[in-house]
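Here is the structure we will look at, set down as structure tokens.
The values are calculated or read from the model by the stated rules, or taken from the named source; none is laboratory data. Just so you know, these numbers come straight off a predicted model, no measurement behind them. Ideal geometry is used to build each Cβ from the backbone, glycine not excepted, and the neighbour counts take in all protein chains shown. Calculation scope for accessible area: heavy atoms of the full protein, side chains included, ligands and nucleic acids excluded. Shrake-Rupley method; radii C 1.70, N 1.55, O 1.52, S 1.80 Å.
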Amino acid sequence: MIEFRSVSKQFPDGTRAVDDFSLTLPSHRTTVLVGSSGSGKTTLLRMINRMVDPSGGTIEIDGADIAQLEPVQLRRSIGYVMQNSGLLPHRTVIDNVATVPLLRGVPRKKARADALALLDTVGLDQTLAARYPSQLSGGQQQRVGVARGLAVNPNILLMDEPFGAVDPIVRAELQQELIRLQSELGKTVVFVTHDIEEAFLLGDQVVILRDGGRIAQVGAPADILADPADDFVASFIGADRGKRALHLERRGDSDLLLDSEGRLAGVLVMPGTSAPSPDSPAPR
Amino acid sequence: MTWIWANLDLLWDRTLDHLVLSVPPIMLSFLIAVPLGWLANRYRAGRGVILTASGLLYAIPSLPLFFVIPAVVGTSLRSPLNLVIALTLYGVALMVRVVADGLASVDEDVRQSAVAVGYSGWSTFWQVELPLAGPVLLAGLRVVAVSTVSLATVGAVIGAQSLGSLFTDGFQRGIQAEIIAGIVLTVALALLLDGALVLLGRLLLPWTRLAATSRRALRVSRSAEGSG
Amino acid sequence: MNLFQDALNWILDPANYAGPGGIPVRLVEHLVFTVAAVLMACAIAIPVGFLIGHTGRGRSLAVATSGGLRAIPTLGLLTLVALWVGIGLGAPSVALTVLAIPPILAGAYAGFEAIDRSVIDSARSVGMSESQIVRTVEIPLGMPLLIAGIRSATLQVIATATLAAYVADIGLGRFLFAGLKTRDYAEMLGGSLLVILLALTLEGIFTVMQRLVVPRGVASGRTPVDRARSARPVPGMDPAITKGTH
Ligand SMILES: Nc1ncnc2c1ncn2[C@@H]1O[C@H](COP(=O)(O)OP(=O)(O)O)[C@@H](O)[C@H]1O
Ligand SMILES: [Mg+2]
């Protein structure tokens, strides 16, 4: 469990990126922070692994105040995936995945073997292991990024717009892959995006942010869709625009996310239910 | 030509002298420039001071510098040490800017992600920033190597023995072949060191050789991904 | 420190200011000789550089030649040409001009290449002729790098002109060699300081000039970030790198 208590962040240049933010992120669930650019999502995420230290308030992981933990050790115990994958261009795929285990002193041979197994986990062909990141497509690079994030088998996985830079078709694939992985691994995932559809698709708990990291609404996707807290949320999820208006429909035993013209935007995975089978329709 | 065959020993000795004069400054300037360049890249104030100083230093002509160094350092005018110091100064002046630019060219996303997965400040520098700046550093070092070898010949006019001695000797005795041999050997030595650096780069920076092939590989893997 | 004191006394000694071998005459010689060689080199290198920059043809040849010329030792070139044409001003003039060409050439074509392609495309799309593009777009925008090239060339020539005193009776370098012969360290050091002063003065003038030729509206500050982002590295763009040997 990750707990923010009245956390605020003012950067040295005076920008107040986060103001009095309090939230509990349940273990083994995916919490999605969604908001427009500049709303403080990245800042919130980076406070969890102490890339950014709060200027006020505390953050606890399983009851321990992270301000008391050594930042470098903390980061090595938390997975992190970012938009442009952030892979080290001078290391091969396999060495990128093995980066953190090696930093933690795992013998090279074992680290490589584990990394190879992880490529399977994220759906990558093992023949790619000896390539450099520049020899992969954007989607493959993101998969390697996810594998690297999982390499130390962390309890917590932080993902900062990880699928933001890939084309829509590959993004949909990656989203399904993440849903599958999460159903198998049950990590505490904190996922940042500005795409509301992606937020509803992936999140068990969705946090809609205004500027300054202020919470507009928190809840399960179905709850937010059914009952937007205010006009801001309503307009953010597109309820007032008609065109993109998302709504839920229950078909059989799963909740489908449909847009105003009845096209399928996604399948909601509720806590405890099984992931959609691979042959279920891809979103959009 | 006959002069050359008759004096192969001399040519060989001067080549060795030249190596001894020029290789230490090349290595020293790299070692000194890395921390200075890091400072210049890291701290705004340091950047102005260090880059201005190195720019001015580089503007100083070599022969006058050879004369000034003994007065500053206290070495004797004929000491080869003057030459080594001067050549090192030029190398540092050039490399500092290259190191600063090379470090600045490291992708911020990559740096951030290295920090995010738990590299400490020290290991981020050694294992991520420095190797990624490698291609730029190598390009700079190649320029330093070539110009150091060429510059070292100037020392001959104040008596520091090197391939440059073939120019002064050849000029005074009117032997064209000696001067030509000196020029050819100097250029050859420069190219040799340059080639050695390129080779070293291939060994240490294997990922940089992909630039040409990677795009093709990317296209292939994209289409593979699309179909799979 | 009294070595510098001696050198200063030598520089200030009125006796060193008179006659054909005096400081003023040597200074003017040095300067005129430098300017002449740089202008010669400009006359050759700028048109060729613009042509390469505009058409993109012959670029690799230019890069290879300037790279190769950097490796050629200036002292070797000076002494060799002196043996060919005899002692006098001819040898140094040729050698200095040859040495000044590569940086100016590189500055000229790199200046064109560093211009954003879309700027030139849009100039073409509004109906400018090729020569109009060169005159109104490429030359003004490429000017800062051209000046940087000329700056490198000038500093290189000043340095080599000092060395030229080894083969010809010219310039401030005479004091260095005369002092060396008579073991007069004050003269050597004084002469050296004069050359350094001259070089740094010109360096200062060029720094100001480089700022002035940046077209209004084009950011002059080349921050490290900008460099990192510039899509295509231009070899020889950095004045420090285009500069060869002294
Ligand atoms: N290092 C920093 N220094 C100053 N301001 C920053 C810094 N990082 C982020 N900010 C500012 O904080 C606000 C929130 O940024 P961020 O958390 O990156 O937003 P998001 O990820 O939601 O786009 C923005 O206004 C941004 O400009
Ligand atoms: Mg962000």
Charge sum, other residues only, whose C-beta stays under 10 Å from A:Lys9's C-beta, Lys/Arg counted +1 and Asp/Glu -1: 0
Neighbour cut-off at most 14 other Cβ (10 Å), DSSP loop, trypsin sites (Lys or Arg not before Pro), the range A:97-138: A:Arg104
Extreme residue, positive dipole direction of the range A:133-235, given options A:Ala151, A:Phe191, A:Val206 (C-beta unit charges): A:Ala151
Descending principal axes extents, the range C:1-125, alpha-carbon based, whole Å: 67, 35, 27
Top of C:Pro47, C:Pro92, C:Pro14 by mean-square fluctuation, Gaussian network on chain C, Cα under 10 Å: C:Pro14
The range B:2-227 - percent relative contact order, Cα under 8 Å, separation 6 or more: 24
Residue-normalised accessible area of the range A:59-128, given per residue in Å² at a 1.4 Å probe: 44
Total lysine pairs under 30 Å (Cα atoms) in the protein assembly as shown, excluding pairs fewer than 8 apart on one chain: 6
Under the Debye formula (equal points on every Cα, no solvent term), log10 I(q)/I(0) of the protein assembly as shown at q = 0.06 Å⁻¹: -0.51
The range A:80-94 - phi-based ³J(HN,Hα) in whole Hz, Karplus 6.51/-1.76/1.60, Gly and Pro as x: 9, 10, 10, 3, 8, 6, x, 5, 7, x, 9, 10, 5, 3, 5
Under Karplus coefficients 6.51, -1.76 and 1.60, residue-wise ³J(HN,Hα) of the range C:129-137 in Hz, glycine/proline x: 6, 4, 6, 5, 4, 4, 6, 9, 10
For residues of A:165-174, the mean tally of beta carbons on other chains within 10 Å: 1
Heavy-atom accessible area per residue - the range B:2-227, 1.4 Å, Å²: 43
Acute angle (nearest 10 degrees) that the helix B:44-59 long axis makes with the longest principal axis of chain B, alpha-carbon atoms: 30
Rg ratio (alpha-carbon, reference 2.2 N^0.38 Å) - chain C: 1.16
Cα centre as origin, Lys/Arg/Asp/Glu Cβ charges: the range B:2-227 dipole, Debye: 560
Interface area, B with C, accessible, probe 1.4 Å, both sides summed, Å² nearest 100: 4000
For chain C, calculated [θ]222 nm from helices alone, where every DSSP H run of n ≥ 4 adds -39500 (n - 2.57): -24000 deg cm²/dmol
Phi to ³J(HN,Hα) by Karplus 6.51 cos²θ - 1.76 cosθ + 1.60 over the range A:140-145, Hz, x for Gly, Pro: 5, 4, 5, 5, 4, x
Probe 1.4 Å, protein heavy atoms only - accessible area per residue of chain C in square angstrom: 45
Accessible area, probe 1.4 Å, largest first, for residues A:His194, B:His18: A:His194, B:His18
Separation between Cα centres of the range A:4-35 and the range B:8-75, rounded to whole Å: 51
Candidates C:Tyr109, C:Tyr166, C:Tyr185, ranked by Gaussian network fluctuation over chain C, Cα under 10 Å, top entry: C:Tyr185
Cβ-placed point charges (K, R +1; D, E -1), dipole of the range C:55-137 about Cα centre in debye, nearest 20: 80
Under 5 Å, built H, 5+ apart or other chain: amide partners of A:Leu209: A:Val34, A:Gly35, A:Ala216
Theoretical ellipticity at 222 nm over chain B - DSSP helices of four or more residues, -39500 (n - 2.57) apiece, nearest 500: -27000 deg cm²/dmol
Solvent-accessible ranking of A:Ser235, C:Ser125, B:Ser150, largest area first, probe 1.4 Å: C:Ser125, A:Ser235, B:Ser150
Top of B:Ala71, B:Ala156, B:Ala188 by mean-square fluctuation, Gaussian network on chain B, Cα under 10 Å: B:Ala71
Dipole in debye (nearest 20) - the protein assembly as shown, about Cα centre, beta carbon charges: Lys, Arg +1; Asp, Glu -1: 1380
Accessible area buried at the B-A interface, both sides summed, 1.4 Å probe (Å², nearest 100): 2400
Accessible-area composition of the protein assembly as shown, carbon plus sulfur, in percent [1.4 Å probe]: 61
